[in-house]
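First comes the structure, then the notes that go with it.
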Amino acid sequence: MKFLTTNFLKCSVKECDRSNDNFPLRYNGEKCQLEQDESIEFNPEFLLRIIDRVDWDAVLSVASDLGNSSLPPKKPIFESEQLSDEDMVILRDLHTLLIQTNIIEGEMTCKNCGHIYYIKNSIPNLLLPPHLA
Amino acid sequence: MPKKYLVFMVQVHVNFRRAELESLADLYKLDSINFKDYKEDSPFFIVELDNDQQAKDWIKRSILTRGIYEYWGQGITYDELHSDIRAGNNFEDYKSCYKNSTFKFEFDCYGGSSSGKLDRVACIESFKYLEFEGKIRMKNPDEVFTVIEEYEPINDNVAGEKPLRVFFGRLVQRSDRFCGALEKYDLKKRPYKGTTSFEAELSLVSANIAQVKAGTIMYDPFAGTGSFLVAGGHYGAAVIGSDIDGRMIRGKGSQTIRANFRKYGESLQFIDVLTMDFTHNALRSNLVIDTILCDPPYGIRESIKVLGAKDPEKFAGKENVEINGLKAYLHRDYIPTKKPYSLDALLDDLLQFASERLPLDGRLAFWMPVANDENIETVIPMHRNLELKYNCVQEFNKWSRRLLVYINRGSEYNGPTNAGLERSSNFRDRYFKGFN
């Protein structure tokens, strides 16, 4: 599961939608096994449009769960017409983090209800037991 | 000044062809295209466009056309063709414009072939009044001029011998079909596929009619082996899939959805697949999903299921069971129980989800099976915020399936709705009874 996907996933439990704690999930840094897939090509145009959709506070929260606290506190802003060399450096870093970083095994927990979801073989399992469904 | 262009289409999946052309025209905001001369039984369609760029945008992604040409003329015989070309309004302009370009001639045909009968060199010579002075170049010429002969086929299998018409034009854009999309995505060559994999041609057509766009997010809630994800990825979207059945999306060994994207050189497009019940969705509510494209389970290969207990009494209190001091349902290898669900309810949920997540004018496209055997009216699911834009039918022997395409018009739209009604008259049971 890509780091980017952590930015899209909330708790599946419907009751948790009423709380503000169901997104992002909390990632258990000790149990999350990361892998870089460097074969995924860098495409600044594509990435810019994806970054548009990203909730930056959630990026910071998950990065910090996984032991990375070096990100800027505010979402970087790019003048998409003319990308400077500096912009490209930032975009490359974001490509590495959001697109190339995979959680191949791990655990994530809803901060509201405490339900634990597992990531196995890079695929998160968001199914629920009957009493939560 | 608008010019005439000739669209050369294929005569397959004709029920989807106009929807594809209209959707691609709309996608590139070519709202001036007039479909009054469009005919289902003809592969030729003459339109007016402002310039070549419009023609290129329009046809580049098309699967159900072969190409688009700047239209120079047509005739029942070659003599008529030549006089029509010379009488064309733009003839002098065209002549001077391509006077010094390198070029070649190509011959194409529909419904028959002149192979052997037409002396191509003599035919090309007969165009000498065009007065081209550029070099003939068989590889990468500046311009390709094309003679297209139309024959009347004797029947579906026997080619015609009598030419009906001849067209002449300058090639502007070959379609995606012509450029190898069908071969590239052919299921036979795909590393990971399954019994439910959707064929390349109609999955690409579906993505076109759904207007999947580069750099946007496409979601398939019934991803299976990822056929529609691949189609969406081909057109540049970031694709996300989910499926309640983890085995399907996981693949086997090196045969995975991810491997398919790697093979196609489109790894960047593939975001993730999630093991998830679509009706208990974990995609955050404020994530805008630009397009939803899917083939929901019909309940044929496996019955339709969602999370929950079929017999809740049996599971009463089970949430308190502990194994090694941890609740059983929190273990890594816990497998939740599922309960049967109806296709109607699932499609109601899908429409509701689309109305909540798509942006205004965003499209939901999905396939729905219909039995043809009984004189039961097919009821298409409707939602008050969604406009049903297309209902394209693919006929099989005793059943058919439809590609239903909806546009999100928002809460102001107030369209008809039939949520909660039983519509599909139990397709699964009748499929297994052979439809009588």
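The values are calculated or read from the model by the stated rules, or taken from the named source; none is laboratory data. Note that the structure is a prediction, hence the values are computed from the model and not measured. As a convention, Cβ positions derive from the backbone with ideal geometry for all residues, glycine included, and neighbour counts pool all protein chains shown.
Scanning region B:100-152 for residues that are of a type in the set (S, T, N, Q) and either surrounded by 11 or more Cβ atoms within 10 Å (Cβ to Cβ) or touching a Cys at 6+ places or on another chain (Cβ under 6 Å) (or both) gives B:Asn100, B:Ser101, B:Thr102, B:Ser113, B:Ser114, B:Ser126, B:Thr146. The set of residues from region B:134-161 being closer than 23 Å to B:Tyr71 by Cβ and outside any strand (DSSP E or B) comprises B:Gly134, B:Pro141, B:Asp142, B:Glu152.
Among the conditions (1) surrounded by fewer than 19 Cβ atoms within 10 Å (Cβ to Cβ); (2) at positive phi, A:Lys111 misses just one, which is (2).
Of all residues in region B:250-260, those satisfying the criterion of being surrounded by fewer than 24 Cβ atoms within 10 Å (Cβ to Cβ) and not charged (D, E, K, R) are B:Gly251, B:Gly253, B:Ser254, B:Gln255, B:Thr256, B:Ala259.
Which of the residues belonging to region A:37-68 are more than 14 Å from the chain's Cα centre (by Cα) and more than 10 Å from every other protein chain (Cβ to nearest Cβ)? Hits for region A:37-68 are A:Glu38, A:Pro44. Just one of the listed residues (B:Gly232, B:Gly224) is within 27 Å of the chain's Cα centre (by Cα), away from every other protein chain (no Cβ under 12 Å), at positive phi and buried (at least 21 other Cβ atoms within 10 Å of the Cβ), namely B:Gly224. No other residue among B:Ala316, B:Ala328, B:Ala282, B:Ala309 is out of contact with any Gly (no Cβ under 9 Å at 6 or more places or on another chain) and buried (at least 21 other Cβ atoms within 10 Å of the Cβ) apart from B:Ala282.
Screening B:Tyr431 on (1) of a type outside the set (D, E, K, R); (2) over 28 Å from B:Arg18 (Cβ atoms); (3) touching an Asp or Glu at 6+ places or on another chain (Cβ under 9 Å); (4) buried (at least 16 other Cβ atoms within 10 Å of the Cβ) shows it passes everything except condition (3).
Per the listing B:Arg17, B:Arg61, the residue uniquely within 30 Å of B:Phe366 (Cβ to Cβ), outside the structural domain of B:Asp361 (by TED's automatic domain parsing), in contact with an Asp or Glu (Cβ under 6 Å, 6 or more places away or on another chain) and crowded, with 17+ Cβ neighbours inside 10 Å is B:Arg61.
The lone criterion from (1) more than 30 Å from B:Asp26 (Cα to Cα); (2) surrounded by 14 or more Cβ atoms within 10 Å (Cβ to Cβ); (3) of a type in the set (Gly, Ala, Ser) left unmet by B:Gly88 is number (1).
Among the residues making up region A:104-127, a single one is facing chain B (nearest Cβ under 7 Å), touching a residue at least 12 places away in the same chain (Cβ under 8 Å) and polar (S, T, N, Q): A:Asn121.
Checking the stated criteria, A:Glu86 turns out to be over 30 Å from B:Gly317 (Cβ atoms), of a type in the set (D, E, K, R) and either facing chain B (nearest Cβ under 10 Å) or more than 13 Å from the chain's Cα centre (by Cα) (or both).
Across region B:42-60, the number of residues qualifying as in contact with a helix residue (DSSP H, G or I) (Cβ under 6 Å, 6 or more places away or on another chain) and under 17 Å from B:Gln211 (Cβ atoms) comes to 1. Take region B:137-167 and flag every residue that is among the hydrophobic types (A, V, I, L, M, F, W, C) and in contact with a strand residue (DSSP E or B) (Cβ under 6 Å, 6 or more places away or on another chain). Residues satisfying the conditions are B:Met138, B:Val144, B:Phe145, B:Val147, B:Ile148, B:Ile154, B:Ala159, B:Leu164, B:Val166, B:Phe167.
For region A:22-39, does any single residue satisfy the condition of being without any contact (Cβ under 8 Å) to a residue 24 or more places away in the chain and within 24 Å of B:Lys263 (Cα to Cα)? Yes.
Conditions (1) surrounded by fewer than 20 Cβ atoms within 10 Å (Cβ to Cβ); (2) outside the structural domain of B:Leu21 (by TED's automatic domain parsing); (3) in contact with a Gly (Cβ under 9 Å, 6 or more places away or on another chain), marked per residue:
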| site | (1), (2), (3) |
| --- | --- |
| B:Thr378 | yes, yes, no |
| B:Asn385 | no, yes, yes |
| B:Leu388 | yes, yes, yes |
| B:Glu395 | yes, yes, no |
| B:Leu403 | no, yes, no |
| B:Glu412 | yes, yes, no |
| B:Asn418 | yes, yes, no |
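No other residue among B:Ile289, B:Ile304 is within 10 Å of another protein chain (Cβ to nearest Cβ), more than 22 Å from A:Glu107 (Cα to Cα) and in contact with a Leu (Cβ under 7 Å, 6 or more places away or on another chain) apart from B:Ile289. Can you give me the number of residues within region B:60-115 that are under 23 Å from B:Met1 (Cα atoms), of a type in the set (A, V, I, L, M, F, W, C) and within 33 Å of the chain's Cα centre (by Cα)? Result for region B:60-115: 2. Does any residue of region B:189-200 turn out to be within 12 Å of the chain's Cα centre (by Cα), over 30 Å from B:Phe145 (Cα atoms), in contact (Cβ under 8 Å) with a residue 12 or more places away in the chain and surrounded by fewer than 20 Cβ atoms within 10 Å (Cβ to Cβ)? The answer is yes, given that some residue of region B:189-200 is within 12 Å of the chain's Cα centre (by Cα), over 30 Å from B:Phe145 (Cα atoms), in contact (Cβ under 8 Å) with a residue 12 or more places away in the chain and surrounded by fewer than 20 Cβ atoms within 10 Å (Cβ to Cβ).
The set of residues in region B:262-271 being buried (at least 24 other Cβ atoms within 10 Å of the Cβ) and at the interface with another protein chain (Cβ under 7 Å from one of its Cβ atoms) consists of B:Ile271 alone.
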